[in-house]
Amino acid sequence: MKITFPDGSGKPYKKGATAMQVAQEISPRLARDALCAEIDGRLIGLDQPISSDCTLKILTWNDQAGRETYRHTASHILAQAVKRLFKGVRLAIGPAIENGFYYDFDTGTPFTAEDLPKIEEEMQKIIDENLPIERVEMSRGEARRLMLDAGESYKAELIDGIPEGEAITLYRQGGFIDLCAGPHLPFTGRVKSFKLLSIAGAYWRGDENNKMLQRIYGTAFDKRSDLEEYLVRLEEAKARDHNKLGRELGLFTTSETVGQGLPLIMPKGAKVLQIMQRFVEDEEERRGYCLTKTPFLAKSDLYKISGHWDHYKDGMFIIGEEGKSDEVLALRPMTCPFQFLIYNAEMHSYRDLPIRFSETSTLFRNESSGEMHGLIRIRQFTLSEGHLIVTPEQLAEEFYGVIDLIRYFMKILGIEDDISYRFSKWDPARKDKYIDNPYAWEQAQARMKQILDDMKLDYCEAEDEAAFYGPKLDIQMKNVYGKEDTVITVQIDFALPERFDMFYIDKDGQKKRPYIIHRSSIGCYERTLALLIERYAGAFPVWLAPVQAKVLTITERADEAARKAAQALQALGFRAEVDARNEKIGYKIREAQMEKVPYMLVIGDREAEAGTVAVRSRKSGDMGAMPLPQFIEMLKEETEQKRP
């Protein structure tokens, strides 16, 4: 058989040769670094025989699939260690994830933090034993019986879900065997450095109606130094975690009495959101958007027209029950159907278009408890929502305008370099998930791709991530832990204009269907706040800071001068507070620094008499004494320029 390499060169090998044998022949260094291989785009283990002509690529730690194989093997070592230490534990799933791995277990007694060192010690024993990891292929019946005999009911359920005709593979290391598609490293000893990080709850299959399992998270690297460096970064990330920092800074809190996914935004957090909202609404108005205000809930009839009832009902909060209530209502998951009815309230000609509607929308989505996290994913949130009704000829230009607006906001917020773009497309096989109109889907996706390419936008493509009514551009951003979330979407909609019988009178006097661009401009305000907390470690830019200046007194005699200074700032619209407590000035300064206040204005007897303030900057430290009007001019310039 002939094996072709990525550079185009090729060489004959005996049938049954393995990727490891090929790697050894190429270079001892490559064989030492090899983790798995890829033949004709399909991943295989290094010890799997190759039986026909193919293109082969040896994968190392430098390849994502290599890292995932390494970490997936670590997850199996974790599972084997837990089975050795804890009797009666049943296994669920244990994938590699970005920067690590996890395994879910069904255990009668929850794991504790004290269990992690014991599990790590057992994992190290398994690594030291250098057990060979063997791929085993079985019939569906054999694999199912094996799993049930071992008490692994979750694995049997997974086997039942594997499509007919697909191979059932398991991996054995010593006395441990696990259902897995693979591939894995050839020996447990190939895992050089690992660390278990945390324990969490996770519902089986992510469904809160299923049993809560115990999830152990870990990470693994091929070098000890890389692991140690990652752990340092992880500690830094924990210090920036908006869930921790946002509470410490008094930006938001939560209450079990109120419920999960329903954060309570405190005065400082509310002020930041208010500043962002005013900024967004003013800029959108300058760009020709018309503000609307629509109801928080509507009859189910509206959502049946829009398609949400068929495609999104599980994500909605329903009030009443069909057949049992006179009227079934639902809290709105998005504003588009309401704005379409506003459009339909009047007749429109082509001269009226484009029409740009915007709204600061309070929305409600029934997120599962396992998905919710801080302010990132919540059940009630506020969105900078908008819909543009355009002619086909206007679509590209208006799409460009939307992206320009988003980029402007991202630049002002200081996160322009942190975002990436994803072109999210439909999956023709998922007829339950999407409006069934293949021709319109292909047309809309081709149009969006052409627009993105014309813009020279650097994007990736993702199947089965579209909205149910059309393709979308997702603007992605990672949190401090590296988890990627969608912060903003822009969608081209070909379906809802027809469902709502939306039209305009064209030049020829005929009725025509418009296109609709669904968009956000700054995303969900709460999620954006969370990402900004993490981006700036709570030290917001001056224009966004909930308190821009804190006036600190040295003596009681300076109280009156401090109050007047604060009042002068407040009268000009600046956010200032006074700290006139009977505490030492060093203590007051440290506390203001902990609160991430951009400027501290210290006033003692000398400053009160001279009419000055001693300015301390969060960034620059001691800036010396200056007249209050001089400081005000400096603060005004920095605020107006909205410097990150």
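A short reminder: the numbers here are calculations on the coordinates, not readings from a lab. Here the structure is a predicted model, which is why all the values come from computation and not from measurement. So basically every Cβ, Gly included, is an ideal-geometry build from the backbone, and we count neighbours across all protein chains shown.
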(message) Projecting each Cα onto the charge dipole of the chain (Lys/Arg +1, Asp/Glu -1 at the beta carbon, about the Cα centre), which of LEU413, ILE505, GLN124 comes out farthest on the positive side?
(response) GLN124
(request) Output the antiparallel fraction of DSSP beta bridges having both residues in region 492-644, as a percent to the nearest 5. (result) 60 percent
(message) I'd like the orientation of helix 438-454 relative to the chain: the angle between its Cα long axis and the longest Cα principal axis, in ° from 0 to 90, rounded to 10.
(response) 60 degrees
(request) Quick one: what are the phi-derived ³J(HN,Hα) couplings along region 368-376, Karplus 6.51/-1.76/1.60 with θ = phi - 60°, whole Hz, x for glycine and proline? (result) 6, 4, x, 8, 6, 7, x, 9, 6
(request) Mind pulling the angle between the C-alpha long axis of helix 525-536 and the longest principal axis of the chain? Nearest 10 degrees, somewhere in 0 to 90. (result) 80 degrees
(message) At R0 = 25 Å, how high is the FRET efficiency between ILE26 and GLU484 if r is their beta carbon distance? Nearest 0.05 is fine.
(response) 0.10
(request) Enumerate the whole-percent occupancy of each 10 Å bin, from 0 to the last occupied one, for all C-alpha pair distances of region 65-237. (result) 10, 38, 38, 12, 1
(request) Determine ³J(HN,Hα), in whole Hz, for all residues of region 107-123 in sequence, where each value follows from phi through the Karplus function 6.51 cos²θ - 1.76 cosθ + 1.60 and θ = phi - 60°; x replaces Gly and Pro. (result) 9, x, 10, x, 5, 10, 4, 5, 6, 4, x, 5, 5, 4, 4, 5, 4
(message) If you take every DSSP beta bridge fully contained in the chain, what fraction is antiparallel? Give it as a percent rounded to 5.
(response) 85 percent
(message) About the Cα centre, and with charges only on the beta carbon of Lys, Arg (+1) and Asp, Glu (-1), how big is the dipole of region 103-254? Nearest 20 debye, please.
(response) 260 debye
(request) For LYS324 and GLU583, calculate 0.36 nm times their separation in residues minus their Cα-Cα distance, and state this gained length in nm to one decimal. (result) 86.8 nm
(request) Multiply the residue gap between ALA181 and GLU166 by 0.36 nm, knock off their C-alpha separation, and tell me the result in nm, one decimal place. (result) 4.4 nm
(request) May I ask you to order 208-218, 178-188, 426-436 by the average number of other C-beta atoms within 10 Å around their residues, highest value first? (result) 178-188, 208-218, 426-436
(message) What are the extents of the Cα atoms of region 264-536 along their three principal axes, in Å, largest first?
(response) 54, 53, 39
(request) Multiply the residue separation of THR109 and ASP282 by 0.36 nm, subtract the distance between their alpha-carbon atoms, and state the gained length in nm to one decimal. (result) 56.8 nm
(request) Give the Rg/Rh ratio for the chain, taking Rg as the radius of gyration of the Cα atoms and Rh as the Kirkwood radius, to two decimals. (result) 1.03
(request) Over region 206-311, calculate the relative contact order: mean separation of alpha carbon pairs under 8 Å at least 6 apart, over the residue count, as a percent. (result) 11 percent
(message) Whole angstrom only: what separates the Cα centroid of region 217-289 from the Cα centroid of region 560-601?
(response) 25 Å
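Excluding GLY189 itself, calculate the net charge of residues whose Cβ lies under 12 Å from the Cβ of GLY189, where each Lys or Arg counts +1 and each Asp or Glu counts -1.
Values: positive: LYS125, ARG190, LYS192; negative: ASP128, GLU129.
Residues near GLY189 contribute +1 overall.
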(request) Quote the charge dipole size of region 2-60 about the Cα centre in Debye, to the nearest 20; the model charges only the Cβ of Lys and Arg (+1) and of Asp and Glu (-1). (result) 140 debye
(message) Please list 3J(HN,Hα) in residue order for region 46-63, calculated via the Karplus relation 6.51 cos²θ - 1.76 cosθ + 1.60 where θ = phi - 60°; whole Hz, with x for glycine and proline.
(response) 5, 9, 7, x, 9, 10, 8, 3, 6, 9, 10, 10, 7, 9, 10, 4, 6, 9
(request) Post the alpha-carbon centroid distance, region 334-355 to region 122-196, in whole angstrom. (result) 57 Å
